[in-house]
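For reference, the structure discussed in these notes is given below.
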Amino acid sequence: MTNRERFIRTLKCEPIGGQVPTFELVFFLTMEAFGKVHPSHRFYEQWNQMSYRERSLHMNEMAQLYIDTAKRYGHSAIFIHPNPGDVENIQWLLELIREKSGDEYYIMMHGDPTWAIPDGENMMEFSARMFDEPEKLNEESRIRVEQSLELAAKLDEKGHLLDGFALCSDYCFNVNPFFSPDSFDELIGPFLKEVIAEYRKLGYYTIKHTDGNIMPILKQIADCRPDAIHSLDPQGGVSIPEVRKIVGPDIALVGNVNCGLLQTGTDEECRADVLRALREGMAAGRGYIFSTSNCVYTGLPLERYEMMMELWRQYGSYDAYEKK
């Protein structure tokens, strides 16, 4: 099986045997790992003033960087950060990745129209709107859903080179969700459920991401029927065994190595946490994808991530686990 086939079978919670699939929503350490700026950190204000040759050089280099990252770290999937992000350039990037790697990797991008935790500058205003004008927020959500589905349909018409969407709106702090169960039902759930269902009709898979303590709204997220839930953050008190009990056997689980320990813990603590994540993930059933509990941001020590992936190579095999 290709990495893409293994990843899709895992999203379907089908048995795969062999190595547990792995990927990262974000791997920003490309400068350290490859000496190249991550695509989302690049600034292309004059993109349309470039010659086709210059744009092609940039686009080919970005496509190759995604592939090189997947190859080096054994990732089964590639999460692209299209830059520029219009339909034509997204399609161009997808075509180049497929041309260079075939169907070896599952490819996804962000596609979440639901509200996320607002930033500090807007939190008070947004919080007030949640109580004063929820109808207007829902009207805006309706427009955002339509825009997301329009983009998905256009990419589908151009050849359906994308496999799925990661729905990356964060709903939770480490202590509790920003959106209470009631506000989730009013402002998030209907639109999350709709966009997942409509993506599925177009043949796209969905992975729902949110950091933090998702437990108070986990069942509501699961009821929206994503193919997988990411990232099951232990810093928010989330554990794979407890999540599996709540969501059942038919939603894949992605995570959940503690990013805080990767950044500040000892080598021994990091090693123990990686092995815990693998052990609990494989014990949770067929639909398990190994990953950090958030994303590999700038500042996380590259050597710690490489240690994590070496442990995955040594101990992340279903065949070895099932023989114990």
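The values are calculated or read from the model by the stated rules, or taken from the named source; none is laboratory data. Note that the structure is predicted; figures quoted are calculated from it, not measured. So basically every Cβ, Gly included, is an ideal-geometry build from the backbone, and we count neighbours across all protein chains shown. The area values use the complete protein model at the heavy-atom level, side chains included, leaving out ligands, DNA and RNA. Shrake-Rupley method; radii C 1.70, N 1.55, O 1.52, S 1.80 Å.
Things to note:
- All positions within region 295-324 that are open to solvent by 30 Å² or more (accessible area, probe 1.4 Å) and within 23 Å of LYS208 (Cβ to Cβ): TYR297
- In the set (1) modelled with pLDDT of 95 or more; (2) buried (at least 22 other Cβ atoms within 10 Å of the Cβ), the condition left unmet by ALA283 is number (2).
- Yes/no for SER148 being open to solvent by 20 Å² or more (accessible area, probe 1.4 Å), assigned to a helix (DSSP H, G or I), under 30 Å from ASN48 (Cβ atoms) and free of Cβ contacts under 8 Å to residues at least 60 places away in the same chain: yes
- Residue match in region 11-34 (condition: closer than 24 Å to GLU157 by Cα, open to solvent by 30 Å² or more (accessible area, probe 1.4 Å) and not small (Gly, Ala, Ser)): no
- ILE246 vs. criteria touching a Gly at 6+ places or on another chain (Cβ under 8 Å) and either under 30 Å from GLY102 (Cβ atoms) or modelled with pLDDT of 95 or more (or both): no
- Candidates in region 153-170 are the residues that are more than 20 Å from ILE221 (Cβ to Cβ) and not charged (D, E, K, R); of these, the one that is surrounded by the most Cβ atoms within 10 Å (Cβ to Cβ) is LEU162.
- Of all residues in region 83-109 being in contact (Cβ under 8 Å) with a residue 40 or more places away in the chain, in contact with a Pro (Cβ under 9 Å, 6 or more places away or on another chain) and not polar (S, T, N, Q), the one that is nearest to ILE8 (Cα to Cα): TYR106
- 3 or more residues touching a strand residue (DSSP E or B) at 6+ places or on another chain (Cβ under 7 Å): qualifying helices (runs of 4 or more DSSP H) within region 1-113: 3-11, 52-73, 87-101
- Residue match in region 60-78 (condition: over 28 Å from ASP227 (Cα atoms), open to solvent by 10 Å² or more (accessible area, probe 1.4 Å) and at pLDDT 95 or above): yes
- The lone exception for PHE79 - which of (1) under 16 Å from the mean Cα position of the chain (by Cα); (2) more than 30 Å from VAL247 (Cβ to Cβ); (3) among the hydrophobic types (A, V, I, L, M, F, W, C) it fails: (2)
- Once region 132-145 is narrowed to residues that are open to solvent by 60 Å² or more (accessible area, probe 1.4 Å) and touching a helix residue (DSSP H, G or I) at 6+ places or on another chain (Cβ under 9 Å), the residue that is nearest to THR206 (Cα to Cα) is ARG144.
- Counted residues, region 201-212 - those being over 17 Å from the mean Cα position of the chain (by Cα) and either touching a residue at least 24 places away in the same chain (Cβ under 8 Å) or under 13 Å from VAL145 (Cβ atoms) (or both): 2
- Some residue of region 84-95 being among the polar types (S, T, N, Q), open to solvent by 10 Å² or more (accessible area, probe 1.4 Å) and more than 22 Å from SER56 (Cα to Cα): no
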